[in-house]
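Heads up: the structure comes next, in structure tokens.
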Amino acid sequence: MQPKHIALQRQIASLAKWFSELAGRLAQVATDLEGARTLPPEALVRELDEARREFSALCAGVLDAARAFSLPEAQTATITSLSQLEQLMMAVSEAADAEEKRAMLAEAREAAFAVFDRILRMTHLDDPKFPALIACQAKARDIGRAIADSTSLDVDVQRTAWADAVRPFSDLLTMVEGRESVNDDSWIVLEDNVAKAFGRPLAVAATRSRLLIRKI
């Protein structure tokens, strides 16, 4: 099902086309009235009434959508023209786009935080204060705070940046939890990535199965 604001946009575009067609026919009616004194056809009068009802219904729908987004324009808007309706619809569309972006970024944040949560519950079997792991966890906290504090709505840029930042941590988790499903070639890549990001000691500890994730 398409979002409500997309459906409203399409209905407004259709109404605008209808109004344009009516304008042409009304111009001809005006000419006929001035010249031959011919009254407009009843079918056209009925169509004008139908267009008015469609306009009123769309106004109500757009105002409802604007109120749903708590747009200030919805509190004082008195819509008497298609131009005003289109202007309010533009504000609704912008609010809907911003909400969609916030939802997409929230999903990306949750995915990143899920990785960091497991990293922060990781421990070394022989040394609870293993320096390489402590440094890795500190980095996870720093990146997690930066992601949490981000206010940008540039979805593509943010999600790409976050994915790049989280990838080494995900690789470490794969080494610790998913070793059974990793072939030798892929393991070499994972080990190199973890070593570059966090140092060779942490990569070696993961390879030697000296790391585990504490249960909640």
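The values are calculated or read from the model by the stated rules, or taken from the named source; none is laboratory data. Not measured: the values here are computed from a predicted model. Positions of Cβ are backbone-derived with ideal geometry, glycine not excepted, and every protein chain shown enters the neighbour counts.
Residue-wise test of (1) at positive phi; (2) modelled with pLDDT of 95 or more; (3) among the hydroxyl-bearing types (Ser, Thr, Tyr); (4) surrounded by 13 or more Cβ atoms within 10 Å (Cβ to Cβ).
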position	(1), (2), (3), (4)
Met122	no, yes, no, yes
Pro128	no, no, no, no
Ala135	no, yes, no, yes
Lys139	no, yes, no, yes
Arg145	no, yes, no, no
Leu153	no, no, no, yes
Leu172	no, yes, no, yes
Ser181	no, no, yes, no
Ala195	no, yes, no, yes
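Just so you know, in segment 168-211 the residues that are in contact with a helix residue (DSSP H, G or I) (Cβ under 7 Å, 6 or more places away or on another chain) and not in a helix (DSSP H, G or I) include one that is nearest to Ile119 (Cα to Cα), and it is Leu211.
Only residues that are outside any helix (DSSP H, G or I) and of a type outside the set (S, T, N, Q) were counted across segment 31-53, and they come to 6.
Checking Gln28, Gln9, Gln84, Gln75 one by one, the residue that is under 25 Å from Asp154 (Cα atoms) and in a helix (DSSP H, G or I) is Gln9 and no other. If only residues of segment 1-48 that are among the aliphatic types (A, V, I, L, M) and at pLDDT below 80 are counted, the one that is nearest to Ala96 (Cα to Cα) is Met1.
Checking the structure you have, find out if any residue of segment 76-87 is among the hydrophobic types (A, V, I, L, M, F, W, C), out of contact with any helix residue (DSSP H, G or I) (no Cβ under 7 Å at 6 or more places or on another chain) and either within 30 Å of Gln11 (Cβ to Cβ) or not assigned by TED's automatic domain parsing to the domain that holds Gln11 (or both). No, because not a single residue in segment 76-87 is among the hydrophobic types (A, V, I, L, M, F, W, C), out of contact with any helix residue (DSSP H, G or I) (no Cβ under 7 Å at 6 or more places or on another chain) and either within 30 Å of Gln11 (Cβ to Cβ) or not assigned by TED's automatic domain parsing to the domain that holds Gln11 (or both). On the stretch given as segment 151-199, residues that are among the β-branched types (Val, Ile, Thr) and over 31 Å from the mean Cα position of the chain (by Cα) total 4. Within segment 155-170, the set of residues being farther than 22 Å from Arg214 by Cβ and surrounded by 15 or more Cβ atoms within 10 Å (Cβ to Cβ) comprises Val155, Gln158, Arg159, Ala161, Trp162, Ala165. Checking the stated criteria, Ala106 turns out not to satisfy the condition of being closer than 21 Å to Ala197 by Cβ, in the same structural domain as Leu202 (by TED's automatic domain parsing) and in a helix (DSSP H, G or I). Restricting the first member to segment 119-133 and to residues that are touching a residue at least 40 places away in the same chain (Cβ under 8 Å), and the second to residues that are of a type in the set (Val, Ile, Thr), the beta-carbon pairs closer than 6 Å and six or more apart or on different chains are Arg121/Ile213; Met122/Ile213.
Taking segment 61-80 as the range and being surrounded by fewer than 11 Cβ atoms within 10 Å (Cβ to Cβ) and either at pLDDT 90 or above or not β-branched (Val, Ile, Thr) (or both) as the test, the residues that pass are Ser70, Pro72, Gln75.
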